[in-house]
Amino acid sequence: MTSHLTTPSPDAPPAGARQATPDPASAAPAASAARSRARARRRALLPAALFLAPLLALYGVYYLYAFVFLGQTSRQSVDLSFTGATDVGWRNFQLVLTDPVFWRDIGNNLLFAAVSILVALTLGFFLAVSLASGVRARRFFFVVFLLPSLVPMSLFATVFGQLIQTNGGAINQTLRAVGLGALAQDWTGNTTSAYVAVFILLTYLVGLPVMYYTSDLTTANTAVLEAAMIDGAGTWQMYRMILFPMLRGTHRTVILSVLLGSFRWFELIYFSTGSQPAGRTGIPGTYIYDQMFPSTGGGQIGYASAASLVVLVVAIAVSAVNVLVQRRR
């Protein structure tokens, strides 16, 4: 018969010994220090709150008035004179929701946002990594890529609209001058070429994503990259398997900012393609503008207000879905 002996662990307490319990006297100073820190944080927030209070009040009143105004006029039939308004109930919303042009413009908005996001996650990411690696004339390239995003959107879109003019536009004139006149396009007269023009315009707005990526690359853990280089990882592998996953948080910021910003691209479309041809490149912003200031006169403010609220709901829903998807990942 064999007996099995169990050797007690050196870290185990002796048999029959009682487990040590926290001393209430020693826990009291720690709790008091935590309360003191919390009071200090609250005191530090007070000056900031007082400083921001006038601005917050101004924005609060402005947005509150805007929502109340939209809510009232969206249920009315009223023109720009704001006289003789009649209550029509939910009729304006029914007309908006059953208008195929409105949903086509919503689809255009989401398509343009998807193209801009794709450009940001590929070209923007590549440019940011290249600039962060210390290329020559780094400041010059920063200015080149950031300038279109820093100038007023209306000015940038107007200049681009002049470039794509069929007769006299710089793009077509340059193509003809170099013997490529066959590639000259009626950029705003053909649906396909108009979409291509918008895509090119969105590509030029890659500056802000480049700035987001560049700022986060400065805080990236370079030890991981050095280890990958020692292990023989190639440039493409470092881009795809290390750097891109490392900036996952920046990807979320870029996607959300571009997605929300796309619903404010009225100037971008209005001053470049003018929603041509025949409104095919329109977005919700140009749709609402056309309802307020139609070429035939007599704009419907009530209908435009209803469309604005529907666009607001769509933008909030798209943003919420994007946030939920990103969190699950």
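The values are calculated or read from the model by the stated rules, or taken from the named source; none is laboratory data. Note that this is a predicted model, so its numbers are computed, not measured. Cβ coordinates were reconstructed from backbone atoms using ideal geometry, including for glycine residues, and neighbour counts include every protein chain displayed. Protein only, heavy atoms only, side chains kept; ligands, DNA and RNA dropped before computing areas. Shrake-Rupley method; radii C 1.70, N 1.55, O 1.52, S 1.80 Å.
Just checking, does segment 84-91 include any residue being of a type in the set (Lys, Arg) and touching a residue at least 60 places away in the same chain (Cβ under 8 Å)? For segment 84-91, residues of a type in the set (Lys, Arg) and touching a residue at least 60 places away in the same chain (Cβ under 8 Å): absent. Within segment 139-151, the set of residues being free of Cβ contacts under 8 Å to residues at least 60 places away in the same chain and open to solvent by 60 Å² or more (accessible area, probe 1.4 Å) comprises ARG139, PHE140, PHE141, VAL143, VAL144, LEU150.
Among the residues of segment 155-170, those identified as surrounded by 15 or more Cβ atoms within 10 Å (Cβ to Cβ), aliphatic (A, V, I, L, M) and part of a helix (DSSP H, G or I) are ALA157, LEU163.
Of the candidates VAL119, VAL96, the single residue that is under 22 Å from VAL313 (Cα atoms), among the hydrophobic types (A, V, I, L, M, F, W, C) and either at pLDDT 85 or above or in contact with a His (Cβ under 9 Å, 6 or more places away or on another chain) (or both) is VAL96.
Residues in segment 112-125 that are surrounded by fewer than 16 Cβ atoms within 10 Å (Cβ to Cβ) and among the hydrophobic types (A, V, I, L, M, F, W, C): ALA114, LEU118, LEU123. Would you check which residues across segment 73-103 are basic (Lys, Arg) and surrounded by fewer than 16 Cβ atoms within 10 Å (Cβ to Cβ) and list them? Within segment 73-103, ARG91 is the sole residue that qualifies. Of everything in segment 144-179 that is small (Gly, Ala, Ser) and in contact with a Ser or Thr (Cβ under 6 Å, 6 or more places away or on another chain), the residue that is farthest from MET211 (Cα to Cα) is GLY161. When you check GLN173 against the structure, is it open to solvent by 50 Å² or more (accessible area, probe 1.4 Å), within 25 Å of PRO284 (Cα to Cα) and not acidic (Asp, Glu), yes or no? So GLN173 fails the test. Scanning segment 129-138 for residues that are open to solvent by 40 Å² or more (accessible area, probe 1.4 Å) and either among the polar types (S, T, N, Q) or over 17 Å from TYR213 (Cβ atoms) (or both) yields SER133, ARG136, ALA137.
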